[in-house]
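Right, one structure below, let's go through it.
The values are calculated or read from the model by the stated rules, or taken from the named source; none is laboratory data. Predicted model only: the values in this text are computed from it and were never measured. For neighbour counting, all protein chains shown are included, and Cβ atoms are generated from backbone atoms with ideal geometry for every residue, glycine included.
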């Protein structure tokens with residue numbers, strides 16, 4: 001599947017409440033400023049059908065995805081950047097989201113940036129890869145003889161295990177492409193260290209984590 005077809009499919013899934021593959025953040029009236037880290041073509045923001053007076057920004061490192069997003073929905077505010085270094089003001093946003101994009105970043109650095117740009121009391125919503133998802137993808141890749149994909153998943157398993165046990169991430173072995181799975185224990189600990197509270201985990205095919213930045217954290 002090419003990049004355009006992938007993002008269009010993801011938009012269709014995000015826009016259909018009946019689709020069992022759909023996973024979307026809960027956006028409330030208190031969320032007036034929203035940032036989507038690893039937004040792709042902006043599928044999550046488009047499908048959320050935000051009011052016109054809500055200021056939403058999507059950030060992604062893939063220029064092809066961003067170009068498609070601007071074509072699909074010209075009103076989108078999109079910026080090309082890595083999640084580990086957001087070109088955004090500190091303490092500005094009410095809600096920071098990332099839908100299954102953090103596993104392809106240096107997760108700790110990206111979460112630290114999301115914490116930085118959130119205002120005290122701001123909300124976090126992230127969807128992550130559990131071990132079972134990456135393990136299944138590895139087995140499927142091996143069965144189909146997709147050796148490059150299998151190596152990438154093997155790296156993701158090793159990296160996720162390293163993060164879980166040590167809190168450190170392995171260097172990316174191929175063109176700087178990071179990949180990992182996450183565990184509930186490690187993500188809760190990491191978010192606590194970054195100044196989040198009310199951390200909640202919901203297990204699905206992915207697992208969804210919500211948290212709130214402490215109000216006494218600048």
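Matching residues to (1) closer than 17 Å to residue 128 by Cβ; (2) surrounded by 15 or more Cβ atoms within 10 Å (Cβ to Cβ); (3) in the same structural domain as residue 206 (by TED's automatic domain parsing); (4) touching a helix residue (DSSP H, G or I) at 6+ places or on another chain (Cβ under 9 Å):
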site: 142; (1), (2), (3), (4): no, no, no, yes
site: 145; (1), (2), (3), (4): no, no, no, no
site: 149; (1), (2), (3), (4): no, yes, no, yes
site: 154; (1), (2), (3), (4): no, yes, no, yes
site: 159; (1), (2), (3), (4): yes, yes, no, no
site: 163; (1), (2), (3), (4): yes, yes, no, yes
site: 167; (1), (2), (3), (4): yes, no, no, yes
site: 170; (1), (2), (3), (4): no, yes, no, yes
site: 173; (1), (2), (3), (4): no, yes, no, yes
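Within the stretch 66-81, residues that are over 13 Å from residue 56 (Cα atoms) and not assigned by TED's automatic domain parsing to the domain that holds residue 105 reach no partner that is modelled with pLDDT of 90 or more and not in a loop (DSSP other than H, G, I, E, B) with beta carbons closer than 7 Å at six or more positions or on different chains. From (1) part of a loop (DSSP other than H, G, I, E, B); (2) more than 21 Å from residue 39 (Cα to Cα); (3) within 19 Å of the chain's Cα centre (by Cα), pick out the condition that doesn't hold for residue 88. Among (1) part of a loop (DSSP other than H, G, I, E, B); (2) more than 21 Å from residue 39 (Cα to Cα); (3) within 19 Å of the chain's Cα centre (by Cα), residue 88 violates only (2).
Scanning the stretch 97-125 for residues that are part of a strand (DSSP E or B) and either under 12 Å from the mean Cα position of the chain (by Cα) or not assigned by TED's automatic domain parsing to the domain that holds residue 201 (or both) turns up 97, 98, 99, 124, 125.
Across the stretch 145-161, not a single residue is classified as within 17 Å of the chain's Cα centre (by Cα), over 18 Å from residue 112 (Cβ atoms), at pLDDT 95 or above and not in a helix (DSSP H, G or I).
Would you be able to say whether some residue in the stretch 53-68 is surrounded by 16 or more Cβ atoms within 10 Å (Cβ to Cβ), over 16 Å from the mean Cα position of the chain (by Cα) and part of a loop (DSSP other than H, G, I, E, B)? For the stretch 53-68, residues surrounded by 16 or more Cβ atoms within 10 Å (Cβ to Cβ), over 16 Å from the mean Cα position of the chain (by Cα) and part of a loop (DSSP other than H, G, I, E, B): present. If only residues of the stretch 31-42 that are at pLDDT 95 or above and either out of contact with any strand residue (DSSP E or B) (no Cβ under 8 Å at 6 or more places or on another chain) or on the phi < 0 side of the Ramachandran plot (or both) are counted, the one that is surrounded by the fewest Cβ atoms within 10 Å (Cβ to Cβ) is 32. When residue 52 is tested against (1) more than 23 Å from residue 181 (Cβ to Cβ); (2) at pLDDT below 95; (3) touching a strand residue (DSSP E or B) at 6+ places or on another chain (Cβ under 7 Å), only condition (3) is not met. Does residue 133 fit the bill of being touching a residue at least 60 places away in the same chain (Cβ under 8 Å), under 20 Å from the mean Cα position of the chain (by Cα) and in a helix (DSSP H, G or I)? Yes: the conditions hold for residue 133.
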